[in-house]
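The values are calculated or read from the model by the stated rules, or taken from the named source; none is laboratory data. This is a predicted model, so every value here is computed, not measured. So basically every Cβ, Gly included, is an ideal-geometry build from the backbone, and we count neighbours across all protein chains shown.
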Amino acid sequence: MKDAIDAGIRAALDAAQQSGALDAFDIADTGIERPADPANGEYTSTVAMRSAKLARKAPRAIAEAIVAHLPEMGGVDRVEVAGPGFINFHLSKASANDVFNQVRAQGADFGRSTFGGGTKVQVEFISANPVGPMHIGHGRWAALGDSLCNVMEHAGYDVQREYYINDHGSQMDVFGSSIAVRYLQLVELMGEGATLDEAKEALVADREASLDEAALAEEEGREADAARFPFTAAFNDALGGNAYGGDYVVDLAARFIELDGDSLAELPDDERIASFRERGYRMMLDSIRETCHEARCDFDVWFSERSLYVPDEDGKDAVHRAFDQLAAMGHTYTTDDGALWFRSTSFGDDKDRVLVKSNGEYTYFASDVAYHWNKFQRVDHVIDIWGADHHGYIKRVDSACEALGYPGRFEVLLGQLVNLLRGGEAVRMSKRKGTMVTFDELLAEVGCDATRYTLVSKSSNQMIDFDIELVKRQDNTNPVYYVQYAHARICSILRRAAGVTFEQAQELGMDEVAQMAVGSRADVSLLVDETEAALARKLSEFSSLIEASARDRAPFRLTHYAEELAAQFHSFYTVCHVLPREGYPIDEDLSRARLAACDATRRVLALTLSLIGVSAPERM
RNA sequence: GCUCCUAUAGCUCAGCUGGAUAGAGCGUCGGACUUCUAAUCCGAGGGUCGGGGGUUCGAAUCCCUCUGGGAGCACCA
């Protein structure tokens, strides 16, 4: 319809200019919008205001001239000039309500567009290091990333979801060493007669107490007395303060005791560390994979950083291919100490960046250069989702992508961080005090629907205070249930109209139930109530919502839309009875038309929820 | 010192790349179930869009500047 109006206005402009009613001028955009106030019609054009300067005429006069030359347009009932020069288009009921039929015909394909033009886009997100469990922040990237991928797919992009596994750097050794020290401490305690559980408890209690002491010392402005906590002190000494201290490391060490007994205590240090590093890595990665799946977020590619250092059939690894490409363009140099540098200042970075350290080790950035080079061998466009704490890293990676020959094809979606609260209090990670909240624990306690809905519902550049007690509430303060309730209500009406029970509907599927309820045809022009018009208007916004959400990388808009659509339905439900009942006789054709409107609403609610990874229950 | 995000109703946030009288939810107050799911609906109240300049037919939106809040500025990963 929008295209038809655009064409009509252009034709009218031509005609008006030829007849001499308007001076000759070109306008790029006819400025077609949907008025906020329905009294102003279904569509409006701001073309008269936009062209006032070019036409050297008052906007209202231009608008009048255009309207006078407007060709006959099917589905348009009435055109008027309003306000400073808006041209408002009022559609006929049949035309405005046709969206109900379109939704029912297109089903889950409703709102699909070719906006993305099939561009191959890779979205990389979460990418938590495989040295610990996922936390709430990773959960936000899961909700944001997966929803963005869904909406971009719906908007016509060819999307690949990727998780980057940082399994190469020295943090992997630190991880292995951390487990190893805990393992030896457990072995020692058990050698003194403790059970495994007692030994674990001793280590965890020692750590908790030392954290409390550190906090207290900080408060009192004195040095903490570390010697009072022998296991923690020994742990920190052994690893030079560079350690993974979380309680889950004690759990991992205990698991290895269960698997191997104390047999690894006899091994040389490096062998023991390597064993724990590799096996701990696998366990963590498996658990991350499982948590992602629980969050309904599954990846196409799990990309290992180590693979960047594996030579291909020509004997060269990705890191050196990327280095070669940079060197060929003259973007690298070597300093006297032997370090290899990337001249990122050529691309606007504050300082040049080290790729290979003077001691011969590769930096994390070297991996990232190679990784992004590799990405561009596979896709046209790259979107990385990063936490706001990494924003200082954007310029150098962007510089590298440009230097490698892929300018303008790299993009970072920066997400602000999440504060985890419970009843208004910041949650401190402490397993012993029962406040350790990993993302899988959060999903189990709160549920995936409310968690994902809440995490995706704010713009990615807004901070989120995630209060577990608030998100858990199943009442009207929680918008996810408001939307789901609208869906469940519709399903109930359709079941009743079709004469089937909930169980039968489960068997048949709601699409089939709706078909039974509505029948083969429905005359939607019978829907003349204000609330019905509002419902049609909201549904017809869906395709532009998809495009805007994909374009702006802003899936949070889907939640607002879902709430608006649900609200329109609830209003409609209150005013318009769908099924005839005692005391409320309803014409059969009108009832059928309303059932069609219900079904269309149900489908779009379900579709919108599915795009953000939230279920659409058929009964609540 | 520099960089990024942010400031809109009591609270949490929208405002679709500059459009008509700035919206929604929660909270407050007042109404609506013998009736298709009341996890609902209807109504009322609530605003110097952080301050100050500028751009133009028109600014919450764009530009400059000041202020408050959050995050970051490694041959760490």
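Report, ordered by the first and then the second residue, all pairs with beta carbons closer than 7 Å, sequence separation of six or more or different chains, a first member in the stretch A:546-574 that is closer than 12 Å to residue A:151 by Cβ, and a second member that is aliphatic (A, V, I, L, M) and within 9 Å of RNA strand B (Cβ to nearest atom).
Taking only residues 6 or more apart or on different chains, the pairs are A:557/A:545; A:557/A:548; A:561/A:545.
Quick test for you: out of A:525, A:520, A:492, A:540, pick the one residue that is closer than 28 Å to residue A:113 by Cα and within 13 Å of RNA strand B (Cβ to nearest atom).
A:540
One residue is enough: does the stretch A:449-467 have a residue meeting the conditions basic (Lys, Arg), in a helix (DSSP H, G or I) and in contact (Cβ under 8 Å) with a residue 60 or more places away in the chain?
yes
Within the set of pairs 6+ apart or on separate chains, which have a first residue in the stretch A:203-221 that is assigned to a loop (DSSP other than H, G, I, E, B), a second that is of a type in the set (S, T, N, Q), and C-beta atoms under 6 Å apart?
none
Within the stretch A:103-127, restricting attention to residues that are touching a residue at least 60 places away in the same chain (Cβ under 8 Å) and under 15 Å from residue A:599 (Cβ atoms), which residue is surrounded by the most Cβ atoms within 10 Å (Cβ to Cβ)?
Of everything passing the filter in the stretch A:103-127, A:103 is surrounded by the most Cβ atoms within 10 Å (Cβ to Cβ).
Scan (1) within 11 Å of RNA strand B (Cβ to nearest atom); (2) assigned to a helix (DSSP H, G or I); (3) free of Cβ contacts under 8 Å to residues at least 24 places away in the same chain for the single condition residue A:477 breaks and write down its number.
(2)
If residue A:560 satisfies all but one of (1) near RNA strand B (Cβ under 6 Å from one of its atoms); (2) modelled with pLDDT under 95; (3) under 36 Å from the mean Cα position of the chain (by Cα), what's the number of the condition it fails?
With (1) near RNA strand B (Cβ under 6 Å from one of its atoms); (2) modelled with pLDDT under 95; (3) under 36 Å from the mean Cα position of the chain (by Cα) applied to residue A:560, the lone miss is (2).
Any idea which of (1) more than 9 Å from RNA strand B (Cβ to nearest atom); (2) aromatic (Phe, Trp, Tyr); (3) crowded, with 18+ Cβ neighbours inside 10 Å is the one residue A:43 doesn't satisfy?
Here residue A:43 clears every test but (1).
Could you say which residue among A:62, A:27 is in a helix (DSSP H, G or I) and touching a residue at least 24 places away in the same chain (Cβ under 8 Å)?
Matching residue, one of A:62, A:27: A:62.
Answer yes or no: is there a residue in the stretch A:82-96 that is surrounded by 15 or more Cβ atoms within 10 Å (Cβ to Cβ), within 35 Å of the chain's Cα centre (by Cα) and in a helix (DSSP H, G or I).
yes
Name the residues in the stretch A:148-171 that are of a type in the set (Gly, Ala, Ser) and either within 20 Å of residue A:374 (Cα to Cα) or over 16 Å from the mean Cα position of the chain (by Cα) (or both), would you?
Matches in the stretch A:148-171: A:156, A:169, A:170.
Restricting the stretch A:571-586 to residues that are touching a Leu at 6+ places or on another chain (Cβ under 8 Å) and under 12 Å from residue A:527 (Cβ atoms), which is farthest from RNA strand B (Cβ to nearest atom)?
Of everything passing the filter in the stretch A:571-586, A:572 is farthest from RNA strand B (Cβ to nearest atom).
Quick test of your reading of the structure: residue A:64 fulfils all but one of (1) at pLDDT below 90; (2) of a type in the set (D, E, K, R); (3) more than 10 Å from RNA strand B (Cβ to nearest atom). Name the failing condition by number.
(1)
Is it true that some residue in the stretch A:249-262 is closer than 21 Å to residue A:438 by Cβ and free of Cβ contacts under 8 Å to residues at least 60 places away in the same chain?
Among the residues of the stretch A:249-262, at least one is closer than 21 Å to residue A:438 by Cβ and free of Cβ contacts under 8 Å to residues at least 60 places away in the same chain, which makes the answer yes.
Against the condition under 35 Å from the mean Cα position of the chain (by Cα) and more than 15 Å from residue A:101 (Cβ to Cβ), how does residue A:512 come out, does it pass?
yes
Regarding the stretch A:318-330, can at least one residue be identified that is more than 29 Å from the chain's Cα centre (by Cα), part of a helix (DSSP H, G or I), surrounded by fewer than 16 Cβ atoms within 10 Å (Cβ to Cβ) and among the charged types (D, E, K, R)?
Yes, the conditions are met somewhere in the stretch A:318-330.
It is to be established whether one or more residues within the stretch A:79-87 are in contact (Cβ under 8 Å) with a residue 60 or more places away in the chain and out of contact with any Lys or Arg (no Cβ under 9 Å at 6 or more places or on another chain).
yes
So in the stretch A:446-465, with the set limited to residues that are more than 10 Å from RNA strand B (Cβ to nearest atom) and farther than 30 Å from residue A:578 by Cβ, which one is nearest to the chain's Cα centre (by Cα)?
Among those that are more than 10 Å from RNA strand B (Cβ to nearest atom) and farther than 30 Å from residue A:578 by Cβ, it is A:456.
Among (1) out of contact with any Leu (no Cβ under 8 Å at 6 or more places or on another chain); (2) away from RNA strand B (no atom under 16 Å from the Cβ); (3) touching a residue at least 24 places away in the same chain (Cβ under 8 Å); (4) not hydroxyl-bearing (Ser, Thr, Tyr), which single condition is residue A:411 missing?
(2)
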